[in-house]
Amino acid sequence: MTLHYIVPGDDFTRAGEASGDLKRKMKKLGFPSDVIRKVSIALYEGEINMVIHAYGGEITAEISSSEIDLTLADTGPGIPDIEKAMQDGYSTATEQVRNLGFGAGMGLPNMKKYTDEFQIESEVGVGTTVRMKVYNHS
Amino acid sequence: MSEFFHSVTLDRDKCLGCTNCIKRCPTSAIRVQEGKAKILSERCIDCGECIRVCPHHAKIAVCETLDILERYEYTVALPAPSLYAQFNNLEGPGTVVEGLKLLGFDDVFEVAQAAELISDATRKLINSGKAPMPMISCACPTISRLIRIRFPDLIEYMSPLLTPAELAGKLAREKACKETGLPPEKIGVIFITPCPAKAASINMPIGLDKSNIDASIPIKEVYPRLVGLMHRAEDTCDISDSGRAGVRWGSSGGEAHALLSDLYLAADGIENCIKVLNDLEDEKLNYIKFVELNACPGGCVGGVLQVENPFLAKTKIKSLIRYMPPYRNVLHTQEIPDDFRWTYKLEYLPVMQLDTDMEKAFQKMDEIERLIKKFPGLDCGSCGSPSCRSLAEDIVRGYSTEEACVFVLRDEVHQIADSLSRISGIQLGRKKAAEAEDKED
Ligand SMILES: Nc1ncnc2c1ncn2[C@@H]1O[C@H](COP(=O)(O)OP(=O)(O)OP(=O)(O)O)[C@@H](O)[C@H]1O
Ligand code: SF4
Ligand code: SF4
Ligand SMILES: [Mg+2]
C-alpha cells in the first residue's frame with residue numbers, strides 16, 4: 001500500500017508525525033519490531049532534515065510484506081557537496097538549530113546505516129530527493 | 001480465571017451510553033454498543049481514566065472491602081506510600097501505621113520500606129553496567145501493561161526488579177510466618193491501594209506465577225475509618241520503619257530521586273508517559289539512565305482511589321518527609337537477591353495487530369483506508385467507536401457496520417428518499433399520461 005505525507009516546512013515540532021504514523025501502521029500490520037525501528041529512525045531523520053534544511057516536502061511510503069520503500073522529496077536549497085554531507089559530523093546547521101539539539105551531522109549517516117538501500121540526489125536551487133529501502137527479513 | 005483480569009469494570013445500570021469515556025481511553029479499549037459501554041478486555045490496562053471521566057459513575061474499580069480481614073487468622077496491611085499524603089498535619093508515617101492496627105490489622109509492613117530496598121537494588125544494577133540503559137521503571141502496572149501491548153521494543157529495558165508492593169508482600173509474609181508460626185496461607189497480606197491497576201496486578205500479576213499479596217482495599221475505603229482512629233494513635237509517631245526516600249515514592253519523581261543520579265527522567269499522566277515511550281522507542285533519549293513513569297497525574301497521589309487532591313497531597317509528602325531520616329532500609333549484600341526479581345520477562349501481546357497473517361493484515365489496512373474516506377473525520381463518537389479511524393478498524397475486524405456512522409446513515413436515508421420521490425414521480429407521470437390518454441379517447 002502507498003502512503004503520502006506532507007511535511008510542513010515551518011514547524012520542527014511537527015517533524016516526526018509521518019514517522020510516528022508509519023510506525024503505528026507497521027505495528028498494526030505485524031512487522032517485526034527491529035524493521036519498524038529502522039524505518040522509523042531513518043524516516044524521522046529525513047523529516048527533520050526537510051524541516052530544518054529545506055522548506056518541508058513530501059514523503060511517499062510504499063509498504064509491502066517484503067520491503068518498505070521511502071521517497072522523501074523537497075524543493076529546498078539542495079546540497080552542493082553530497083559526499084561531504086554524508087560524512088559523520090558534517091553539518092551546516094545554524095547556531096540556533098544546534099541549540100535545539102539538532103545539527104550533530106549524524107542524520108544522513110544514520111539514515112544510510114539503518115536502511116538496506118540508500119540513494120540521495122540533489123541539485124542546488126532545485127531540491128533534494130532521498131530514496132531508502134528497508135527489507136523485511138521475517 | 002479468564003485470560004485477562006481487570007479491576008476496572010462497568011456498572012451497566014448506571015451507564016447511559018453517553019460516549020464520554022471512549023475518547024479518553026489511552027488504548028481505545030471502550031466501545032458503546034446498543035446504548036452501553038463495553039471494555040475490550042485484551043486492550044484495557046486498568047489505568048482508571050474512564051473512572052475519572054464518567055459523569056454517571058458507571059465505571060468502577062473492583063477491590064475488596066475491610067470484611068476480608070475476617071478470612072485470615074493473621075493479617076498484615078501494606079500501606080502504599082501515597083496513603084500518608086491523605087492526612088492533614090501528620091507527624092510521621094507511624095501514626096498511620098498505628099491507625100491501621102487499631103482498624104483491625106495484626107501488623108503493618110510499609111511499602112515504603114520495600115521501596116527503599118528496590119531503590120538500592122536498582123542503583124546497584126545501574127552501576128553494574130550490566131542492564132540495558134535507559135532502564136524503565138515497572139512500578140506502575142498501567143505502564144507495564146501499556147508497554148506489553150504497544151511498545152514491544154522497550155520490554156528489554158524494563159526493570160527486572162519487583163514492584164515495592166510485591167517485595168513488601170513477600171517480606172511481610174515471611175516475617176509474619178516467623179513471628180506467628182502460622183503457615184503462609186493463614187496469613188492475609190492486604191495492600192491498601194491507590195489505583196485499580198495495582199489491584200488488578202494482584203489478581204493477574206505479569207512476571208510472576210502468583211502475587212505475594214492476597215487482596216487489595218482502596219485507600220478511599222479505609223480513609224474514613226482511619227481518620228476517626230488516628231487521633232488515638234498520635235503518640236506513636238516514631239514507630240515507622242521507612243525513611244524519606246521510600247515515602248517520596250508516593251509522588252512523581254520520588255522513585256527517580258532515590259537513585260541519587262541526575263540522569264533520569266520522570267513523567268506523569270498517561271498521555272505524557274506515552275510521549276516518553278514513543279521517544280524511547282525512537283532512541284531519542286539514549287543518554288538517560290533511568291525513566292520513571294507514572295500513569296496518574298502527580299504519581300500515585302493522583303490515583304483514582306485516592307481521597308486528597310493530588311497536588312495538595314504532593315505538598316503534604318514534602319512536609320511529611322522534612323524531618324525523616326534519608327532512608328532506613330538498605331540491601332546488605334552486593335549481589336541482588338534472586339527473589340527481588342520477576343520470575344518471567346514481559347511478553348509482547350500484539351492486540352493492536354490487524355491479523356496474524358501479514359497479507360491479510362494488508363488487505364484489512366487497505367479496506368480501512370477505503371472506509372475512512374466515507375466518514376466525515378469529525379471523530380464525533382456517535383457510532384460508539386472513539387474515532388472515524390477506529391470505526392473503520394472495528395468494521396474490518398467485524399465489530400461494527402458502516403451504518404453505525406450517522407453521516408453514512410443520513411446519506412443512505414437521503415438516497416432512499418430520493419429514489420422514493422423519483423419512483424413516486426414516475427408513478428405520478430404515468431398517472432397523468434393515462435389521464436391524458438383517457439381524455440383523448
Ligand atoms: N533536505 C536537505 N536539503 C538541504 N540540505 C540538506 C538536506 N538534508 C541534509 N542537508 C545538508 O546535509 C548536512 C548533513 O545532514 P545531516 O542530517 O547528516 O546532519 P544535520 O542535519 O546537520 O545534523 P543532525 O541530523 O545530526 O541533527 C546538513 O547540515 C545540511 O547542510
Ligand atoms: S462515560 Fe462511558 S461509562 Fe460513563 S455513562 Fe458515559 S458511556 Fe457509560
Ligand atoms: S481503565 Fe483505562 S485502559 Fe481500561 S477501559 Fe478504562 S480508560 Fe481504557
Ligand atoms: Mg539531520
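For A:Glu67, the stated conditions do not hold, so it cannot be described as more than 30 Å from B:Leu354 (Cβ to Cβ), out of contact with any helix residue (DSSP H, G or I) (no Cβ under 9 Å at 6 or more places or on another chain), more than 16 Å from ligand 4 (Cβ to nearest atom) and among the acidic types (Asp, Glu). Counting the residues of the range B:170-224 that are within 22 Å of the chain's Cα centre (by Cα) and of a type in the set (D, E, K, R) gives 6.
Scoring B:Leu229 on the criteria (1) open to solvent by 10 Å² or more (accessible area, probe 1.4 Å); (2) within 20 Å of the chain's Cα centre (by Cα) leaves a single failure, condition (2). Listed by position, the helices (runs of 4 or more DSSP H) contained in the range B:231-309 that have at least 2 residues being over 22 Å from B:Glu98 (Cα atoms) and within 14 Å of chain A (Cβ to nearest Cβ) are B:270-281.
Name the single residue, out of those in the range B:55-97 being of a type in the set (S, T, N, Q) and in contact with a strand residue (DSSP E or B) (Cβ under 8 Å, 6 or more places away or on another chain), that is nearest to ligand 3 (Cβ to nearest atom). Result: B:Thr65. Among all residues of the range B:310-320, there is none that is part of a loop (DSSP other than H, G, I, E, B), of a type outside the set (Phe, Trp, Tyr), at pLDDT 95 or above and within 23 Å of B:Glu49 (Cβ to Cβ). Of all the residues in the range A:28-42, those that are touching a helix residue (DSSP H, G or I) at 6+ places or on another chain (Cβ under 7 Å) and more than 10 Å from chain B (Cβ to nearest Cβ) number 3. Would you check if B:Glu403 is within 21 Å of B:Ile45 (Cα to Cα) and among the charged types (D, E, K, R)? The answer is no for B:Glu403.
When each of B:Arg52, B:Arg43, B:Arg31 is tested for being near ligand 3 (Cβ under 8 Å from one of its atoms), touching a residue at least 24 places away in the same chain (Cβ under 8 Å) and of a type in the set (D, E, K, R), the lone residue that passes is B:Arg43.
Please specify each residue of the range A:84-103 satisfying the condition of being open to solvent by 70 Å² or more (accessible area, probe 1.4 Å) and out of contact with any helix residue (DSSP H, G or I) (no Cβ under 6 Å at 6 or more places or on another chain).
Of everything in the range A:84-103, those that are open to solvent by 70 Å² or more (accessible area, probe 1.4 Å) and out of contact with any helix residue (DSSP H, G or I) (no Cβ under 6 Å at 6 or more places or on another chain) turn out to be A:Lys84, A:Gln87, A:Thr92, A:Thr94, A:Glu95, A:Gln96, A:Arg98, A:Asn99, A:Leu100.
Between A:Ile68, A:Ile36, A:Ile52, A:Ile48, which is among the hydrophobic types (A, V, I, L, M, F, W, C) and open to solvent by 20 Å² or more (accessible area, probe 1.4 Å)?
Answer to the selection: A:Ile52.
Count of the range A:17-32 residues, restricted to those that are surrounded by 18 or more Cβ atoms within 10 Å (Cβ to Cβ) and out of contact with any Leu (no Cβ under 9 Å at 6 or more places or on another chain), is 3. Every condition in (1) without any contact (Cβ under 8 Å) to a residue 40 or more places away in the chain; (2) of a type in the set (D, E, K, R); (3) within 15 Å of ligand 4 (Cβ to nearest atom) holds for A:Asp81 except the one numbered (3). Only one residue in A:Met132, A:Met111 is under 14 Å from the mean Cα position of the chain (by Cα), surrounded by 17 or more Cβ atoms within 10 Å (Cβ to Cβ) and more than 11 Å from ligand 1 (Cβ to nearest atom), so which one is that? None of the other options fit; the residue is A:Met132.
Within the range B:20-34, being more than 8 Å from ligand 2 (Cβ to nearest atom) and either within 14 Å of another protein chain (Cβ to nearest Cβ) or open to solvent by 40 Å² or more (accessible area, probe 1.4 Å) (or both) holds for B:Lys23, B:Arg24, B:Pro26, B:Thr27, B:Ser28, B:Gln33, B:Glu34. Of all residues in the range B:36-55, those being near ligand 2 (Cβ under 9 Å from one of its atoms) and in contact with a Leu (Cβ under 6 Å, 6 or more places away or on another chain) number 1. Does the range B:81-102 hold any residues that are under 18 Å from B:Ala172 (Cα atoms), of a type outside the set (Lys, Arg) and open to solvent by 20 Å² or more (accessible area, probe 1.4 Å), and which are they? Within the range B:81-102, B:Glu98 is the sole residue that qualifies. Within the range B:1-19, the set of residues being near ligand 2 (Cβ under 10 Å from one of its atoms) and open to solvent by 80 Å² or more (accessible area, probe 1.4 Å) comprises B:Arg12, B:Lys14, B:Leu16. Determine if the range A:10-27 includes at least one residue that is away from every other protein chain (no Cβ under 14 Å) and in contact with a helix residue (DSSP H, G or I) (Cβ under 6 Å, 6 or more places away or on another chain). Scanning the range A:10-27 turns up no residue that is away from every other protein chain (no Cβ under 14 Å) and in contact with a helix residue (DSSP H, G or I) (Cβ under 6 Å, 6 or more places away or on another chain).
What are the residue pairs meeting all of these: first residue in the range B:107-131, first residue aromatic (Phe, Trp, Tyr), second residue open to solvent by less than 20 Å² (accessible area, probe 1.4 Å), Cβ atoms under 6 Å, and 6 or more apart or on different chains? Pairs that qualify, where the first residue is aromatic (Phe, Trp, Tyr) and the partner is open to solvent by less than 20 Å² (accessible area, probe 1.4 Å), are B:Phe109/B:Val76; B:Phe109/B:Leu78; B:Phe109/B:Ala168; B:Phe109/B:Ala172. Comparison of B:Asp411, B:Asp394, B:Asp438 shows that the only residue that is within 14 Å of chain A (Cβ to nearest Cβ) and out of contact with any Cys (no Cβ under 6 Å at 6 or more places or on another chain) is B:Asp394.
Taking into account only those residues within the range B:350-385 that are within 12 Å of another protein chain (Cβ to nearest Cβ) and within 27 Å of the chain's Cα centre (by Cα), which is surrounded by the fewest Cβ atoms within 10 Å (Cβ to Cβ)? If we take residues in the range B:350-385 being within 12 Å of another protein chain (Cβ to nearest Cβ) and within 27 Å of the chain's Cα centre (by Cα), then B:Thr356 is surrounded by the fewest Cβ atoms within 10 Å (Cβ to Cβ).
The values are calculated or read from the model by the stated rules, or taken from the named source; none is laboratory data. Quick caveat, the model's predicted, so the values are computed rather than measured. Note: ideal-geometry Cβ built from the backbone for every residue, glycine included; neighbour counts use all protein chains shown. Protein only, heavy atoms only, side chains kept; ligands, DNA and RNA dropped before computing areas. Shrake-Rupley method; radii C 1.70, N 1.55, O 1.52, S 1.80 Å.
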